[in-house]
Structure formats: structure tokens, C-alpha cells
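Chemist: This is the structure I have questions about; it appears just below.
Just so it is clear, none of the values below were taken in a lab; they were calculated from the coordinates. Everything numeric here is computed off the predicted structure, so don't read it as measured data. So basically every Cβ, Gly included, is an ideal-geometry build from the backbone, and we count neighbours across all protein chains shown.
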Amino acid sequence: MEEQATVSAADIAHIAGVGRAAVSNWRRRYGDFPPPVAGTASSPLFSLFDIENWLRERGKPFEISLGDRIWQRLRNLGDDLWLGERVGRVGTYLSRRGSGEEWDFSPRYDDPELLELLDRFADEVGAREAFEFLCERYVEAHSRQLSVTAEPVAALMSRLIGPDPGVVLDPACGLGTLLLASGGTRLLGQTDDPALSCIAAHRLLLAGADMEMYGADALPMDSYAGVLADAVVCDPPFNDREWGYDELVGDPRWEYGQPPRGEPELAWVQHCLAHVKPGGLVVIRMPPAAAARRTGRRIRGNLLRAGALRAIVTVGGADLWLLRRPEPGKRPPSRLLLLADPSTVEEQWREHLRGAEVPGAVRIIDLLDDEIDLSPARHQERDEHVGEAFLEVRRHFEGIRPEPPSLAVSGEKPAFTTIGELLKAGVLTVPESVEEGDVVASPAVPAYVHSGASATVEPPMSKYRTDPERLDAAFLAGCLRAAGQIAPTSSTRIDLKRTQIPRLPIETQRVHGEAFTRLAAFEDALREAAKSGMELVRLGLAGLMEGQLRPEN
């Protein structure tokens, strides 16, 4: 079975512990790289057996983890068109595992060892982590077809509906990302793809959620008709012209106006409002054009007059519309919060809901013109100090002079060990708390050598203490930092114990450690220069546009 298995370029990158760019380079550079055996020109598939042999013959270290072996077997049970169904069936199996219920994976997918491997994987990492691993692989394999809310945006949306939101609904939940982030006591989901609804349901179940899930398009087939949640979060599909305009003319959900054919997002806004209790909050991700299209101005105006639309915040190339269903007998608010910078939105949103005047709040009466353009960038207050800020940032920018370390070409290829082997040998230990000189690593933060007072770090951060006579701390931190740089994607979970560490004498390690430290300082300076440079551009454009700056010659 495994000799016939196929892998994508992304899978090869996972197996070899490199980035996808490295796999592309191998294909161009080496004439003996195995040719594709399936797939398409843009998404080729390779024989796993051939790839393993090629990596072995080339002396390139690789390891196929148990999770990756399961993923390859699962993917090769049938066409990718039905991959979502198979992932959903794995979720069903893992959810029912240990319950005593009889469960046959499916007679259509004959791989008797698959359930045994799933059991081993779930025993090692837990059923939820095992399923999340496979879901990540599924998203990577179908990245062009799936739209998944970025984790930072999902986290922000969940915070904006407030702590302990109670019953939370997502009528376009996809893989359930927003529901998982919401912290609701009961989670209600609906998505138009039955396979996705199955995957989302089992993600929620394995997380221990009290949930309900339906697989149908919520606009034409509302599975929660009459249900009112405490809060609604939603990241609906953008620009979907086949949303059911003709069939839904006069639908009772269109309290603020019939959505135009080309404005499906305004249908989703009203669907969400129809499913939240009076006073309940809605946070919905919207395309920026929805705040300004002429076809939608009537509905935007009605939302403003009724006090339903309370804020619009630009986040990551889209807008978040924050709404509250009007409570009978309560006076509508007089201001709308418009923010082009989300950095302070949480505090301003809380104050705005209390009725306090906050920066960025615009009088609604001033917005009710012929256009009703609610684009946050259009209504930002004019900064009277752009010129002075530009000069200050330029001075700071000119003071940043990144200097790379001097490195020479070397043809020596060292042998390698791993973090796991160093732990077994006692060269490394895992301390209870972090002391000066210990190494701290995290998926989100580059590895570093801790300095200063003792500190406590929590997962997902890892901590290591070296035997200074056998392993240099700066050298270890540099190796871990390098491993983080070549991670295939930001969502990949890096198994630090498998990270490869060159076997070098302690004196050589210390020299390398100093070079790693200089490279880290160079990277920090580059990052600071890039940040200051982009701010310099922004201030220069604004200053020239507003007449606060002029060319010197």
C-alpha cells in the first residue's frame, strides 16, 4: 500500500523538514529527482516510495512521522475530490473511540491498518490533537478551495463578542474555526458543504463542546429558523452571485431592505441579525467594498438609523462589521465607530458600547448623505503633526545600520544529532523554571538565550538547560532559530525533539554561537528598519497629500 502512495511537494517538504522552495530547487537542480506519477502540472504528485529512496540516496535526512504516514494512507484511499469525506470519517472514528460503539470506517476505503495507526496516534498525542493534525494537512492540500479565517482574526472576533458569550452561532462556519475560538457554552454551526460540516462537528466534539451542526447553505436553507443566539460570528463567502436572490425576494430576514443581487454580504449581515437576541452582538467579516457600494447604501442607511450597525474596523485587508440587534424601546446610538487601525479596537469598542465618546466615533447624522460611505479610512481624523512625525521617523531610520556578520564559504558537512538524543545523553535538561543562560524556544518567537531574573514559561514555549562544557547555549539557540526559519508553513507544528543539531567540538560551537547571535541581531535590525521604512512611506504620502510636507528640491 505504501509503495503506491503518492505525496505532494508540500508533503515532501514536511517529510524532509525543509521549505517548499527547497523541494522546487531539488526538482530543477537534480536530474534524477523522481518525476510526478499523478496530479497536474500545477499540483504534481510523486511516489512516496521513490521519494524516500531518493532522499536516502542523496543523504538528506528525513523522517515520516506517524501522523504523516496516516495522512498519506488516508489521502491515497481515493480521489482528492472525496478527501474531505474521508477526513470527516476519521473525525467520527476518533470521536467515538473508546465509547464501545461499533464503527466501520467504510467498506469503500479498504485499509485495515489505518484504524490501528489512528489508535496509536491518538494514544500518543490525544484524539483531539491527532484530528487537528490531519485537519491542518487537509487545509494545506486544499488551500485553493478552502477559505479559513486566519487565527489572529478569529481570536479578535471572539474577543469582540465578549467573554462568556453563551450560545454562539456561525451560519457559514466552514471548518468551525470561529466557533472554536468563541468560547461559547453552546455552539451552533452551519456550512454549505456536508464534508466540511462533518469535519467541523468533530473538531468541536473532540474539543468537548456542546454543539449542533448542519450541512446546508444557510441563506436558502436556514437550519436555525426561529433560533436566537446570544452572539453570532461569521466569515461568509465574498462575491457569491449564486446566493439565491430570486428565491429569497421578500424573505422576512430582510428587515433592513432587500439585498441587491450583487450584495450577498448584506444578506449575510441581515441573516446574522435575525438570529441574535435583542441586545446580542454580531461580528461579521466583510469585503471593504461593502461599506461604500452605491447599491447597498439604502440598507447601510437603515442599519445606521435603527442603531444596528455599531462599528466597522479594518483588519487584514477586510472589514469587521460589529452590530448589535436593537432592543425594543431603547434609543438608537448617535455615533458609529470607524477604525482603520485595529490595534486599539478592543478597548475603544467596550467604551463605545457603554456610550462613551471615543476616538474614531463619527456622528451618524454626518454619514447619512447620498453615498453613505462607511469606509473607515475615509473618516480618519486628520493628523496635524504628520510633518514632525516624518522627520522623527527619518532620523530613527537613518540611525539603523544593519551589519551582517562576516561568514566564509565552507565545504565541510557535519554529522548531526537531535534534541531528543541530547536529552537522552544528559547534555540537555528541561528545567522547572528558566534561569539566565537557558534556551527558550516557541513556534511563534525565535529561540533565544534567556537573561535576567528567573521566569516561568508555559506551553507552547519550550525551555532547555545546557551542559556548558558540552553544548553552547547560543549555538543551540541559533540551531533552533534556523529550524524555525525553514518551517514549511506558519501553521506547521514543529517537533523540537526532532530538530537536528550539528555535532561540533565545544570550541567550534562557541564560535558558531557568536555568529548566530550576530545574525539574530542583524535580523532584528532589518525588521526594525523595515517597520520604520514603511512608516516613513506612510507619513511621507500623507504629508505630501495634506500639504504638511513638500519636496526639498
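Chemist: Just add up the charged neighbours of A455: K/R +1, D/E -1, any other residue whose Cβ is under 12 Å from the Cβ of A455.
Modeler: Numbers: positive: K463; negative: E432, E435, E436, D438, E458.
In short, -4.
Chemist: With the contact rule set at Cα under 8 Å and sequence spacing of 6 or more, what percent relative contact order holds for the chain?
Modeler: On the way: 859 pairs, mean separation 48.5, N = 553.
Reported as a whole number, the value is 9 percent.
Chemist: What are the principal axis extents of the Cα atoms in region 248-380, in Å, biggest first?
Modeler: So the extents along the principal axes, rounded to whole Å, are 39, 32, 26.
Chemist: Sticking with this structure for a sec: Counting other Cβ atoms within 10 Å, keep those with at most 14, restrict to DSSP loop, and tell me which trypsin sites (Lys or Arg not before Pro) in region 1-105 are left.
Modeler: Details: sites: R20, R27, R28, R29, R56, R58, R69, R73, R75, R86, R89, R96, R97; in loops: R58, R97.
Of the trypsin sites (Lys or Arg not before Pro), the ones in loops of region 1-105 whose Cβ has at most 14 other Cβ atoms within 10 Å are R58.
Chemist: Counting other Cβ atoms within 10 Å, which trypsin sites (Lys or Arg not before Pro) in region 194-265 have at most 13 and lie in a DSSP loop? It would help to have the intermediate numbers written out before the result.
Modeler: Values: sites: R203, R241, R253, R261; in loops: R241, R253, R261.
Listed in order of number, the matching sites are R241, R261.
Chemist: At q = 0.09, 0.16 Å⁻¹, what log₁₀ I(q)/I(0) does a Debye calculation on the Cα points of region 2-141 give, no solvent, two decimals?
Modeler: -0.29, -0.85
Chemist: Could you state the number of Å between the C-alpha centres of region 402-435 and region 1-69?
Modeler: Cα centres, region 1-69 to region 402-435: 27 Å.
Chemist: With charges only on Cβ, +1 for K and R and -1 for D and E, what is the dipole size of the chain about its Cα centre, in debye, rounded to 20? It would help to have the intermediate numbers written out before the result.
Modeler: Values: 63 positive and 83 negative charges, 178 e Å.
For the chain, the charge dipole is close to 860 debye.
Chemist: If you don't mind, another one. Out of residues 5 or more away from L45 or on other chains, whose amide H comes under 5 Å of its own, with H placed 1.01 Å from N in the peptide plane?
Modeler: Here V37, A38, G39, T40 satisfy the definition.
Chemist: In region 235-303, which chymotrypsin sites (Phe, Trp or Tyr not before Pro) are in a loop and have at most 14 other Cβ atoms within 10 Å, using DSSP for the loop call? Before the final figure, lay out the partial values.
Modeler: Working: sites: F238, W243, Y245, W254, Y256, W268; in loops: F238, W243, Y245, W254, Y256.
Taking region 235-303 and a limit of 14 other Cβ atoms within 10 Å, no loop chymotrypsin sites (Phe, Trp or Tyr not before Pro) are found.
Chemist: Checking the cross-link filter: which lysines have an alpha carbon closer than 20 Å to that of K497, excluding same-chain neighbours under 8 positions apart?
Modeler: Partners within reach: K60, K424, K463.
Chemist: Multiply the residue gap between A38 and E528 by 0.36 nm, knock off their C-alpha separation, and tell me the result in nm, one decimal place. Don't skip to the end; give the middle numbers.
Modeler: Working: separation 490, 0.36 × 490 = 176.40 nm, distance 4.48 nm.
Fully extending the segment from A38 to E528 adds 171.9 nm.
Chemist: Here's something else I'd like to know. Among the helices of the chain (complete DSSP H runs), which have Cα atoms covering no less than 24 Å along the helix axis and a Kyte-Doolittle mean of at least -1.0? Mind dumping the intermediate values first?
Modeler: Working: long enough: 506-546 (59 Å, 0.02).
Membrane-span-like by this rule: 506-546.
Chemist: For region 416-503, report the % of Cα-Cα distances exceeding 15 Å.
Modeler: Working: 2104 of 3828 pairs.
The answer is 55 percent, as a whole percent.
Chemist: Just one of (1) 1.17; (2) 0.96; (3) 1.00 is Rg/Rh (Cα atoms, Kirkwood Rh) calculated from these coordinates, so which is it?
Modeler: (3)
Chemist: Continuing with the same structure: As a check on your grasp of the helix formula, calculate [θ] at 222 nm for the chain: sum -39500 (n - 2.57) over DSSP H runs of n ≥ 4, divide by the residue count, round to the nearest 500.
Modeler: Working: 18 runs with 216 residues, N = 553.
Mean residue ellipticity at 222 nm (helix-derived): -12000 deg cm²/dmol.
Chemist: Treat each spin label as a single point 7 Å out from the Cα along the C-beta direction, and report the F62 to L353 distance in nm.
Modeler: Between F62 and L353, the simple spin-label model gives 5.1 nm.
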